[in-house]
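Notes follow once the structure below has been shown.
The values are calculated or read from the model by the stated rules, or taken from the named source; none is laboratory data. In this text, all values refer to a predicted model and were calculated from it rather than measured experimentally. Note that each Cβ is placed from the backbone with ideal geometry, even for glycine, and that neighbours are counted across all protein chains shown. Note: accessible area is taken over every heavy atom of the protein model, side chains too, but ligands, DNA and RNA are not part of it. Shrake-Rupley method; radii C 1.70, N 1.55, O 1.52, S 1.80 Å.
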Amino acid sequence: MMNGSKEKLEESINAAGAPAVEYYDPSKESIWTRLGVTVESFKRAPGIVGDQVIEGDLAHEDLERVRGEGHALQAKMKPRHLAMIAVGGSIGTGLFVGSGSALRIGGPAALLIAWTLVGLLLVNVTQALGEMAIVYPVSGGFYTLSSRFLDPGFAFAMGWNYCLQWFVTIPLEITVAATTVQYWTDALPIAAWITIFWAVLIILCIFGTLGYAEEEFWAASLKLLVAVMFTLIGIICICGGGPSSEEYNHYIGGLHWRDPGAFANGFHGVCAVFVTAAFSFSGTEVIGLAASETPNPRATMPGAVKGTFWRIALIYITTLTIIGLLIPYDEPNLLGGSGSATSPFVIALDRAHIPGLNHLVNATICISVISIALSSVFAGSRTLLALAETGYAPKFFTYVDKSSRPLFSVLTFLLFAPIAYVSVVAAGDIVCTFYAPSDTRCIFIPCVFLKKVDWLVAISGLSAIVTWLSICLCHIRFRRAWRVQGHSVEELPFKAAAGTWGSWFGVILIILVLMAQFYVALFPIGGVTDASERATSFFQAYLAAPILILFWVAGYAWKGTKPKRAHEIDLDTGRKSWLTVEEMREYRAERARAPLYIRIYRILFSN
């Protein structure tokens, strides 16, 4: 019924005649070339790979055409890689450090309200993205889908703003990693640590997709281990099982929800934390980019999409509940600490006087920020590649080498890392808190760096939210075009749990997040009486909006493209699922006959 193997494709195409496009078989290269460590690996891939599974019975000529619509990126990611990227990929300083700032500003109740609502938003975003990415595992992911289903001009604006977000994030994360090490020692200057972490990032990028995937797998495993361990220790401490001579030697329950209270700054604080929570999930959408580099998205994407729900429910919400019960929002270290010492995880373990675990958490924070920097290179370079493929960036960015690296795109992002050296202060390192609008993580860097890049960060401040908005709108337009052009939802290999209602919920919630950010930007917590300071605060939070509009207008003026009607949208190019209603009904009926425990497992963790 379903032919998916590469071998069967080869046989079908050979039977139909010589392929119309040039294909490249990486398996004929040496293992070292495929890993990216030989001179040969840096040469341009001579053709498209065409190694992704195509679902459905197609005529020979149609198989050739569909396979010829592939790209030069190789499908190197294994199911375990995609699963861990979804479950732990975006867990970083937003949870381990930024949650401390959110607790201080909003209080424990605001923390749970904001993260729960934004978590529901991300569940619907990833469900919609998974549905489309399985059918269209195209290069550029959501950027390419936005160009097709919405408007090329808007996609141009969204794509470049998304790249700007990661351009800025890389030097920030390297600086955070360098300052995190100072929790243990200041024997080396911060410039030396920046150089070390930049070198680590370059080495990981040499291994391309595989280097990113393996690093994310092990880093996510460590982050999940620490989060689960902290949750168990937190429950024991809340119930009074901590060291007998310390603070958690008796049951405290909801003590800190009563004193000093559940809310720190009322509605104002909830709005501020709402914004922080939204940006702390930045990077969740990367699984949509990774789908184009997996052999069989239909087999791996459903589990990855559902893994996002479990990350939000079991990691974010559970750990934040524990933090709100263990630490009052007026904890002195939350108010005046610096570096990773303000992490609520570290603070809770210090208050419990459990030796050694604070060092493990600090090491996890350090690894997390390097992981985010590597994710920045991966996500940004793939988006820049797609921009070039659609004519909105210089053509040399389409260069993909034999190790499946979009070489010039990766190099461009790595060259932004030395901006981190701005953080080196000749007269000594004066550390302060830097509130980065691009992902709202508490980043602790020298004040000079703050003065140099805060406006640069402001340019990309809304990029994550705009990306999520585009995914929801793409899904709504995709479903409409799918229906208008005579297709049935039953043909889809994976359907978003809430359908288009979930995407509309996402659109509404994103609008609320933007309104909350507008309110907090105009009326910052603590109050700003000076008009110039108020204007600076507002534009640093909302400068991305006029930049996006400017890009959008420029894209329209450049190409003159307009949104297409539903019946005009191209539903075939790049499509890898050609299953019929009858085939899908037979497939689902067969799976419905499985034992109950298997069906429950599939509902929760796979397709």
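Using a simple charge model, +1 on the beta-carbon of Lys and Arg, -1 on the beta-carbon of Asp and Glu, nothing else, what dipole does the range 494-581 show about its Cα centre, in debye to the nearest 20? Can you show the working numbers first?
Working: 8 positive and 5 negative charges, 89 e Å.
In total the dipole reaches around 420 debye.
What is the gain in length, in nm to one decimal, between residue 185 and residue 116 on full extension, counting 0.36 nm per residue of separation less the C-alpha to C-alpha distance? Each step should come with its number before you reach the end.
Details: separation 69, 0.36 × 69 = 24.84 nm, distance 3.72 nm.
Extending this stretch completely gives an extra 21.1 nm.
Once you have the alpha carbon radius of gyration of the range 92-158, what is it after dividing by 2.2 N^0.38 Å, with N set to its residue count? Please report the intermediate quantities before stating the final value.
Working: Rg = 16.6 Å, N = 67, 2.2 N^0.38 = 10.9 Å.
Rg over 2.2 N^0.38 Å, computed on Cα atoms: 1.53.
Among the aspartates and glutamates, select those whose C-alpha is under 20 Å from the C-alpha of residue 402, and discard any that sit fewer than 8 residues away in the same chain.
22, 25, 29, 40, 51, 69, 214, 293, 389
Given 235, 255, 310, which one lies farthest toward the positive end of the charge dipole of the range 197-319, if we put +1 on the Cβ of every Lys and Arg and -1 on the Cβ of every Asp and Glu?
It is 310.
Any idea how far the Cα center of the range 125-192 sits from the one of the range 482-504, in Å?
27 Å
I want the antiparallel fraction of DSSP beta bridges within the chain, as a percent rounded to 5. Before the final figure, lay out each step's value.
Details: 6 of 8 bridges.
Among the beta bridges of the chain, antiparallel pairing accounts for roughly 75 percent.
Let me make sure I get this right: for the range 257-355, a, b and c are the square roots of the gyration tensor eigenvalues over alpha carbons, sorted descending. Under 1.5 in a/c it's rounded, otherwise prolate if a/b > b/c, else oblate. Which is it?
prolate
So if we plug the beta-carbon distance of residue 28 and residue 80 into 1/(1 + (r/R0)^6) with R0 = 30 Å, what FRET efficiency do we get, rounded to 0.05?
Working: r = 26 Å, r/R0 = 0.86.
Efficiency computed from Cβ-Cβ geometry: 0.70.
Mind ranking 57, 62 by accessible surface for me, highest first, 1.4 Å probe?
Values: 57 95, 62 55 Å².
Reading off the accessible areas and sorting them downward yields 57, 62.
Could you give the Stokes-Einstein D for the range 17-156 in µm² per second, using the C-alpha Kirkwood radius, 25 °C, 0.890 mPa s?
Numbers: Rh = 19.2 Å.
The calculation lands on 128 µm²/s.
What angle do you read, to the nearest 10 degrees and between 0 and 90, between the alpha-carbon axis of helix 596-605 and the longest principal axis of the chain?
Helix 596-605 and the main axis of the chain meet at about 70 degrees.
Just to confirm the number: angle between the C-alpha axis of helix 499-522 and the first principal axis of the chain, 0 to 90 degrees, nearest 10?
Taking Cα atoms only, the helix is inclined about 40 degrees.
Would you mind checking 78/223; 495/559; 78/564; 43/562; 223/576 for any pair whose Cα atoms are more than 31 angstrom apart?
The answer is 495/559; 78/564; 43/562; 223/576.
Could you list log10 I(q)/I(0) for the chain at q = 0.05, 0.07 Å⁻¹, which the Debye formula gives when each Cα is one point scatterer?
Log-scaled intensity ratios, in q order: -0.22, -0.43.
Output the 0 to 90 degree angle, nearest 10, between the alpha-carbon long axis of helix 544-559 and the longest principal axis computed from the alpha carbons of the chain.
The angle comes out at about 20 degrees.
Could you state how much accessible area residue 183 has, in square angstrom rounded to the nearest 10, with a 1.4 Å probe and all protein chains kept in place?
Roll a 1.4 Å probe over it and residue 183 shows about 70 Å².
Can you list the aspartates and glutamates whose alpha carbon is less than 14 Å from that of residue 306, not counting same-chain residues fewer than 8 positions off?
Correct list for residue 306: 131, 285.
So, with +1 on the Cβ of K and R and -1 on the Cβ of D and E, and no other charges, what is the size of the charge dipole of the chain about its Cα centre, to the nearest 20 debye? Provide the component values of the computation, followed by the final result.
On the way: 44 positive and 45 negative charges, 149 e Å.
My answer is approximately 720 debye.
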